[in-house]
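The values are calculated or read from the model by the stated rules, or taken from the named source; none is laboratory data. Quick caveat, the model's predicted, so the values are computed rather than measured. Cβ placement follows ideal geometry from the backbone for every residue including glycine, while neighbour counts extend to all protein chains displayed. Keep in mind that these areas ignore ligands, DNA and RNA; they rest on the heavy atoms of the full protein, side chains included. Shrake-Rupley method; radii C 1.70, N 1.55, O 1.52, S 1.80 Å.
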Amino acid sequence: MTRPPVDPTVELRGITKRFPGTLANDAVDLTVHRGEIHALMGENGAGKSTLMSILYGMERADAGSIRIDGREVTFGDPSAAMAAGLGMVHQSFKLFDSLTVAENVVYAAEPRRFGLLDRAAARRRVRELAEEHGLAVDPDARVGDLPVGLRQRVEILKLLHRGARTLILDEPTAVLTPAEADALFAVLKSLAAQGRTVILVTHKLREVLEGSDKVTVLRDGRVVARLVTADTSADEIAAAMTGRAVDLDRVHAPGTPGDAVLEVTSLTTDAVHDVGLTVHAGEIVGIAGVAGNGQSELVEALAGLRPVTAGQVTLKGRDITHVSATERRAQGLAYVPEDRHAVGTAPAASVADNLAMGHHRTSLSAKGLLPPATVRTHAGRLIERFGIKAATPEVPASALSGGNLQKLLIGRELAHEAPLLLVEQPTRGVDIGAIQNIHDQIVAYRDAGHAVLLVSAELSEIRGLADRVLVMYEGRVTATYTKDEADEQALGLAMAGGAVAPTEAVD
Amino acid sequence: MFFDSDLLMSALRALTPILLAALGGALCERAGVFNIGLEGMMLMGCFTSVATSWFTGSAWLGVLAAALAAAAYSLILAVGAVTLRGDAVVLGIAMNLLAVGLTSFLLRTVFGVQGTFDDPSLAGLPLVGGFTPLAYLAFVAVAVAALMLSRHVWGLRLRGVGEAPDAAATLGVSPAKYKYAAVLISGVLCGLAGAQLALGNVTLFSENMTAGRGWIAVVAVMLGRAAPVGVLLAALLFGLAEAAGFRLQGVGLPQQATDAAPYVVTLVALFLSTARRRRRTANSPSGATT
Amino acid sequence: MTHTQIPRISGVLRSPITFSVLAGLVIGALFLVGTGADPFTAYGAVLTGSLGADGIGSTLSTGTSVLGMALALAIPLRAGLINLGGDGQMVLGGITAAVTGLYSPLPAPLTVALALLAGMAAGAAYAALAALCENSLGVPLLVSSLLLSYPAVSLASYLARYPLKEPGSSLPQTRAMPNGVALPAFGDSTVTIGLLLVVLAAATYWFTDKRTAFGYEIRMTGLNSRFAAYAGVERRGLTLKLMSVSGALAGLVGAIGVLSFPYRFVDGSLTAPGYTWTGLTAALLAAAAPLGTVVASFFFAVLAVGGLAMERTTEVPRELTQVLQAIVIVFLAARLRFPSGWFRRRSQATSQESPQEIGAA
């Protein structure tokens, strides 16, 4: 240390940021001290990401000031923030898959010999850092081949290589198993003990309570609570986040299952092995699991978008294992995919055209004709029924907010009144008002006698909606729980591979 | 003897322009810019080299001017695709069309001829050991590009920019800067390729004289998976096909059959390489090397 | 009333299409000034030369080929597919029509119909081959269609120069069609009912695009192919269908060329005017929209024919019109961002909101 540490390390004063239509940050103050793990909490849309983007030089504040180690700074871009000792691990990793771990770590801050990259030095540097901080990873491994948990280590090593004294982690556990998350927190604690500062952006209560020293809670762009973790409780934080008594864990009443609608036996496809499951009419079956354990592949195989290598799928008793996606839809399947921009909609097309998809060969057309007037009327009906906020049906879908686009997508699929609904991550990135609306729609759909297969990475969503919960781990269904058995602990353990014996999906 | 040193010599001559252009294409590909404007850049190089050589009497000034003109021309792609975020495919197609129109227009306004400009006193490139110095330069360029891409810091950053521009940007590396550099270098290389074609392989300019070589270079980038040595092998394949075509013409095959040969060979090579890649990925899910 | 007019006018001016066309004309004018010609005289000559009594016939017959090729390229482009093999498909259609016309034993009118159909079939089959290369062999359509074009042109050239060559002629051309094997022309002009055929094709395309479920699927595939696939639109089948239609239209243009003056297949005469590239330019300018494609094709036919008149009056080479065309597309491509998913190979469009999928590559 050349200078005596100045306290506090990071100080934001009166940060205000306005986007068209919203006040993302409203005079936010945030103070983080050296050596502490500081959790920044809030619901989606509370302004956490905007605040961190401003701190990291990716956005410019309309008003307010930033002090780092006591000096006032303005960052024009992330590299300026990095030079001041900040480092950020983004929620979606910023890594080069085809490059090695060492290349990723030293990228843009390379050790050189005669202008050439000094690979031996890079490797050595990675090993040293890894050893020092307990972040073991092979420097020569290709990043694309690494599991998520290790990629995150590479991200942290990248920051340490650049000498970051303050680490910002955006939703770091979203893609980790509980065990991996625990390992991450151990690393963070040791970093803090060495005098580094950690800012943790998250909306998960458990990790905040277990891993942080202090908590700042944002709601609607404002700081609503500053708490010391040791003196607070989950209820207090949750109440601050939502602004009302906790209904985060609102559990919907169970359904009344009827006949089997979807029956899957020994299904095998890419990343899915020998999966069996049944979904009944009037039942929501939830699939829990850490992202990347075969859930997406399973759903795509069921929807007819991925060929099945072995096993059988029947829909209302009819074998659909090898029929096309169109034919499956005709037999009674609707599907809300995970990625609403890239898969679920055509953002450049009009709202009306987006709402017509899937209906364009059935209810809306006769003899192959698809009159524009019919498409418009259909759109008008769905916009009203599902409360989609769109200026007119002619505006491009890209003009809708995330929540509205999701309502469009879910509304369109529900309108099929198909006996089976496949739905993936229905509320990811959606604000809390829209979440409740979407949950209510899904439950109403079930109560109307339809079968629903729900895939979600949000345990609270799974527990709130599902009548039965299956856990997927490494491509297999490793555990099945009834609504009452599915507590957070049991699910967490199973998601981490703790439920070793593959249980038969008994119904 | 069908395969003899003459055949190899003529194959090497035929491959030089393709190799230079394809190297440029490979750099762009690595930087994440899909460059299908090679054909047009090359054609600009052809015309500029001939015009400059004619008016100055120096083939070397012709080469220099060709490199500069094609680099300037490549700015259309750089500005359009990188700065304005236009579509690289459409830009490339438009650049190829523009080059044909522009060079034909200039051929008539500058030289007052239509079709072909050809004069015995037009200075061509000297031959050293049967090849123009540009042919040697092409091979040196392969080695330099290979070294830069795999070992140099610049190459590492370029590859990173091509694979994940936003990741590079978060580390303070400007993707635009690297993309511009790659496109401009491809312009220079295409200019050299054009000069080689118009002052080396022949000594004349004729309308649309690149005749699809830029497209073959695009395919060579695909076949060689944008690696300099891979691109060299792909260009060699094309050179052999063209040389063998000439040879077969001597045996009595119609010119049309031999004209088509390089394209057919290229297409078949593409089939085989994609088929092989597919089979391999089917066999080993982890993917294989080489 | 000025209130409503001003925004409308500024909207039209701000449209990238208007901008590109204006920019092309301005740069063309600079070229004209550079060569010492008066731009107004030159552009005036383009208009009078192409739309005047002497030129309109020529414009319409050139327009027949340009519109035909523009439709051939627009139809796949609507789904984001670029067919660069128009030349090969057109020439194969032409040579097939020539063979049919020369050797068909049927009466002349039936032979004409058969020759048209045969030309379309040949073009369709050859374009379908390019589609199969993408579907089954994994070679991108852009590349497979272009590479296939060269051998087709060589093959037709070979046929016209050797087995089918007119005996005694010094030109690389087939014999003339038998008496009566020709498309009926309007009066003594060079405009044939071929024009009606391509206009009919344009009308069919318009109707399909606007008012049918198939057209809807094509549009959605063009706007986001993963979205269309998710809802069950089968991409391979669509590629095959659209390429077949595209090739059939290109083949039709070739057949019309052979069944009109000079009523024979002349090596190079179909490809030399660059209908394929002009057609592609028109399709790109119109973003493949049916009516826009028709308008753009007419515009480019006017330029091509008027270019000759301009050359006569101002001695500026007619190649200038080709320059102008390309400049329009350069500007359009640079200013206008085509919807994501239109083209296979493009820089990754990042969706801001959805978290990136994290998985092994």
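Values computed for the structure shown
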read-out	value
³J(HN,Hα) computed for each position of segment A:356-364 - Karplus, 6.51 cos²θ - 1.76 cosθ + 1.60, integer Hz, glycine/proline x	7, 4, x, 8, 6, 10, 10, 5, 8
Size of the B/C contact, given as accessible area buried on both chains, probe 1.4 Å, in Å²	4000 Å²
Per residue solvent-accessible surface (Å²) - segment A:8-242, probe of 1.4 Å	38 Å²
Rounded accessible area per residue of segment C:198-269, 1.4 Å, Å²	34 Å²
Residue-averaged beta-carbon neighbours from other chains (10 angstrom radius) around B:99-108	6
For residue C:265, distant residues with modelled amide H under 5 Å away	C:174
Shielding by partners - mean other protein chain Cβ count within 10 Å, residues of C:212-218	6
Segment C:135-283 - percent of accessible surface contributed by carbon and sulfur, probe 1.4 Å	64 percent
Cα convex hull volume per residue for segment A:267-392 (Å³)	148 Å³
Kirkwood estimate for segment A:399-449, i.e. one over the average of 1/r between Cα atoms, Å	11.3 Å
Rounded percent of accessible protein surface that carbon and sulfur make up, segment A:349-417, 1.4 Å probe	57 percent
Rg [Å, one decimal], Dmax [Å, integer] - segment A:12-157, C-alpha atoms	17.9, 53
Cβ-defined net charge surrounding residue A:425, 10 Å radius [Lys, Arg +1; Asp, Glu -1]	-3
Estimated 222 nm signal from helices in chain C, with DSSP H stretches of n ≥ 4 weighted -39500 (n - 2.57), rounded to 500	-23500 deg cm²/dmol
Loop sites in segment A:282-373: trypsin sites (Lys or Arg not before Pro), DSSP, at most 13 other Cβ within 10 Å	A:367
Residue-averaged 222 nm ellipticity for chain A, from DSSP H runs of 4+ at -39500 (n - 2.57), nearest 500	-9500 deg cm²/dmol
Segment A:148-216: proportion of alpha-carbon pairs further apart than 13 angstrom, %	64 percent
Normalised per residue, the volume of the convex hull around the Cα set of segment A:159-268 (Å³)	191 Å³
Globularity ratio of chain A, using Cα Rg and 2.2 N^0.38 Å	1.05
37 °C / 0.692 mPa s Stokes-Einstein diffusion coefficient of segment A:91-162, Kirkwood radius on C-alpha pairs, µm²/s	275 µm²/s
Net charge, residue C:317 excluded, C-beta distance under 12 Å - Lys, Arg +1, Asp, Glu -1	-1
Solvent-accessible area per residue for segment A:440-495 (1.4 angstrom probe, square angstrom)	36 Å²
Residues in segment C:130-159 that, when all protein chains are in place, have 50 Å² or more less accessible area than the chain alone would give (probe 1.4 Å)	C:137, C:139, C:142, C:143, C:147, C:150, C:154
Sequence-separation-based contact order of segment C:23-160, relative, with Cα cut under 8 Å and 6+ spacing, percent	23 percent
Relative contact order of chain C, pairs being alpha-carbon contacts under 8 Å that are 6 or more residues apart, as %	33 percent
Cα coordinate range in segment C:62-284, projected on the principal axes (Å, largest first)	60, 37, 31
For chain B, calculated [θ]222 nm from helices alone, where every DSSP H run of n ≥ 4 adds -39500 (n - 2.57)	-24500 deg cm²/dmol
Amide H contacts of residue A:395 (H built 1.01 Å from N, under 5 Å, at least 5 apart or other chain)	A:351
Other-chain or far-sequence residues with amide H under 5 Å of residue A:473's (modelled H)	A:478
Burial ranking of peptide ranges A:166-176, C:33-43, C:272-282, A:218-228 (average Cβ count within 10 Å, highest at the top)	C:272-282, A:166-176, A:218-228, C:33-43
Mean separation of Cα contacts under 8 Å (6+ apart) over length of chain A, as relative contact order %	15 percent
All-pairs Cα distance distribution in segment C:84-147, expressed in whole percent, bin size 5 Å	4, 21, 22, 16, 13, 10, 7, 5, 1
Tail beyond 18 Å, pair distance distribution of segment A:349-417 (Cα, percent)	28 percent
Alpha carbon Rg of the protein assembly as shown, scaled by the compact-globule rule 2.2 N^0.38 Å	1.02
Total formal charge among the other residues, if their Cβ is under 14 angstrom from that of residue B:100, Lys/Arg +1 and Asp/Glu -1	-1
Equivalent-ellipsoid semi-axes of segment C:26-135, from the Cα gyration tensor, Å, largest first	36, 22, 11
Contact surface A-C: accessible area buried, both sides summed, square angstrom, 1.4 angstrom probe	3000 Å²
Out-of-range pairs (alpha-carbon distance over 21 Å; input A:94/A:158; A:17/A:407; A:48/A:204; C:210/C:241; A:367/C:210)	A:17/A:407
Peptide A:110-120, shielding by other chains (average Cβ, 10 Å cutoff)	3
Cα-projected label distance for residue A:490 with residue A:222, points at 7 Å along beta-carbon direction, nm	4.2 nm
Accessible surface of segment B:1-160 [probe 1.4 Å, protein heavy atoms]: carbon and sulfur percent	68 percent
Rg/Rh for segment B:15-212, where both radii come from Cα atoms and Rh is the Kirkwood radius	1.01
